[in-house]
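These notes are about the structure you will find just below.
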Amino acid sequence: MTVIKKLVTLLRGSAREIGESVVDSNATRIYEQEIVDAKHSIEKAKGDLTGVMAKEMQSAREIERLKNEVARYEGLALEALNKTQEGLALDVAAKVGTLEKELEEQAKAHASYALQVSKLKDLIKTAEVRIREHEREIGIAKTTESVYRATQSISENIGAGGSRLSNARESLERIRQRHEDLADRMAASQALENELGHTALEKKLAAAGIGSDVDRTGKVMERIRARQAKPAEPGAQ
């Protein structure tokens, strides 16, 4: 039978290497498709098995019918002999011989069906076990592939993240240096203004007691005291 040949080929063939499927997604898909195809073959074999089992049951019923017929005609032949019907008994015996020959053929067919049923059952059971093994292997392969991809992604992200962090640190360092440079410039400008600018000159004049604003308060007080000490004019109230 064609299905039996397919199952035998399936069982005889070795499993594909899983290592390649870890790094080759196409191999994984092909392997999965082969498992699907094998399952379809098993389902087809089960359908054929039911047909063979049906023929086995039919042949068993036919064997039982023929046995009953042989027994009945043998009884009739005996009855004919008891009635001294020799010629009729011979005819019945010939019928019994024909039935027995048919019975032998049915017994051979039944044995053949039974053998096919047994083989198909064994092949299907073994094929199903092999399919489950393949499914476990493909499951492991897919899991390993996922871990591999996750590990690769993590490694790449860590590398990229490290590069981004490094760039960020460099950028912050440049900003800090600019801020320090600006503060230094402002401090230098203030120092220069204090030393060389207009404010510096005014401070020097004040320190030397020179300038219109020197001791202004004291002069104002002297003027007020002078007015206080001046006698009042006649007629002034």
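The values are calculated or read from the model by the stated rules, or taken from the named source; none is laboratory data. Everything numeric in this text was worked out from a predicted model, so none of it was measured. Glycine also receives a Cβ, built like all others from the backbone with ideal geometry; neighbour counts cover every protein chain displayed.
When every residue of the range 107-123 is checked against the conditions, at least one turns out to be over 30 Å from Glu34 (Cβ atoms), loosely packed, with under 13 Cβ neighbours inside 10 Å, modelled with pLDDT of 75 or more and not β-branched (Val, Ile, Thr).
So is Ala127 in contact with a Leu (Cβ under 6 Å, 6 or more places away or on another chain) and either within 17 Å of Thr50 (Cβ to Cβ) or in a helix (DSSP H, G or I) (or both) or not? For Ala127, the condition - in contact with a Leu (Cβ under 6 Å, 6 or more places away or on another chain) and either within 17 Å of Thr50 (Cβ to Cβ) or in a helix (DSSP H, G or I) (or both) - is met.
For Thr84, the conditions (1) at negative phi; (2) outside any helix (DSSP H, G or I) all hold with the exception of (1). Among the residues of the range 45-58, is any exposed (fewer than 15 other Cβ atoms within 10 Å of the Cβ) and of a type in the set (Asp, Glu)? The answer is no, given that none of the residues of the range 45-58 is exposed (fewer than 15 other Cβ atoms within 10 Å of the Cβ) and of a type in the set (Asp, Glu).
Residues of the range 43-71 that are closer than 19 Å to Tyr113 by Cα and among the β-branched types (Val, Ile, Thr): Thr50, Val52, Ile63.
For (1) at pLDDT 85 or above; (2) surrounded by 11 or more Cβ atoms within 10 Å (Cβ to Cβ), each residue gets a yes or a no:
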{"site": "Thr126", "(1), (2)": "yes, yes"}
{"site": "Thr144", "(1), (2)": "no, yes"}
{"site": "Gly162", "(1), (2)": "no, no"}
{"site": "Gln177", "(1), (2)": "no, no"}
{"site": "Arg185", "(1), (2)": "no, no"}
{"site": "Thr199", "(1), (2)": "no, yes"}
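For (1) small (Gly, Ala, Ser); (2) under 21 Å from Ile35 (Cβ atoms), each residue gets a yes or a no:
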site: Gln85; (1), (2): no, no
site: Gly97; (1), (2): yes, no
site: Glu104; (1), (2): no, no
site: Arg136; (1), (2): no, yes
